[in-house]
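Right, one structure below, let's go through it.
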Amino acid sequence: MDDSSLYFIGLIPSGDLQLQLHELKQDISIRYKTYHALKSPPHITLIPPFWCPNDSTSNIAVFLKDFAASFHSFKIALDDFGSFDQRVVYVRIQKNTLLTILQKSLSTSFMEKLNISKPKEASFHPHITLAFKDLTLKMFQKVWEKYENERFQASMDVGHLYLLKHNKIHGWKEEGRFPLLPT
């Protein structure tokens, strides 16, 4: 796949919330020897990683610009911590109808309008990952023991879609930011 790159589409919190979530990821990384989550900014994945020919990136940007311009910005609430399969620790996102509609519409439009190999299907469970992949079972238990009953409350403006590209060395970097309509 030399002429292709790996991308995903997501939402990235801004300002103080971005910093707070990054600090949480760093703290978990240092205390529990898990580093993989630091390879991307704190985010909510809307379209999971997919391969795209490098010469098609501009098509994705045009698609995302047009798509984003058809949705109004909105707020979502972050609410405490959760886990998957004793390998992932994350910040929960409160159920939000607008977020679900945005993701479903994006996923459907993305597959229909762009000739890109379909990303791995998964049910949409919005969250912000703090630790995963290289988190051993033993360390997961320690992390979860600390965060299972911790409180985390915040709100996040959903004002942009983000295209992130994997750079093969340091992880995921922002490739494009596409504004939603103001409310």
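What the table shows:
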read-out	value
3J(HN,Hα) from dihedral phi, region 96-109, Karplus parametrisation 6.51/-1.76/1.60, rounded to Hz, x for glycine, proline	9, 4, 5, 5, 5, 5, 4, 5, 5, 5, 4, 4, 5, 5
Relative contact order (%) - the chain, alpha-carbon pairs under 8 angstrom, separation at least six	36
Computed Kirkwood radius, in angstrom, where 1/r is averaged over Cα pairs of the chain	17.1
Coil-residue trypsin sites (Lys or Arg not before Pro) of region 62-121, DSSP, other Cβ within 10 Å capped at 12	95, 120
Selection of GluC sites (Glu not before Pro), region 86-152, meeting DSSP coil and at most 14 other Cβ within 10 Å	121, 148, 150
Loop trypsin sites (Lys or Arg not before Pro), region 150-183 (other Cβ atoms within 10 Å of the site Cβ: 11 or fewer; DSSP)	151, 168
Contour minus Cα-Cα distance for residue 134 and residue 177 (0.36 nm per residue)	12.6 nm
GNM top mover of 58, 73, 155 - the chain, alpha-carbon springs below 10 Å	58
Acute angle (nearest 10 degrees) that the helix 57-68 long axis makes with the longest principal axis of the chain, alpha-carbon atoms	80
For the chain, size of Cβ-based charge dipole, Lys and Arg +1, Asp and Glu -1, in debye	300
Fluctuation leader among 62, 158, 89 - the chain, Gaussian network, Cα springs under 10 angstrom	62
Built amide H within the under 5 Å cut-off of residue 40, gap 5+	172
Over region 47-121, volume per residue of the alpha carbon convex hull, in Å³	117
√(5λ) per eigenvalue of the Cα gyration tensor, region 109-183, largest first, Å	29, 20, 14
Placed amide H near residue 160: partners under 5 Å, 5+ positions off or other chain	180
Gaussian network model of the chain, Cα within-10 Å springs - most flexible of 109, 14, 123	123
Cut-off under 5 Å, modelled amide H: who pairs with residue 73 long-range	181, 183
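We did not get these values from a lab; they are worked out from the coordinates using the rules stated. Quick caveat, the model's predicted, so the values are computed rather than measured. Don't worry about glycine lacking a Cβ; one is built from the backbone with ideal geometry, like all the others, and counts go over all protein chains shown.
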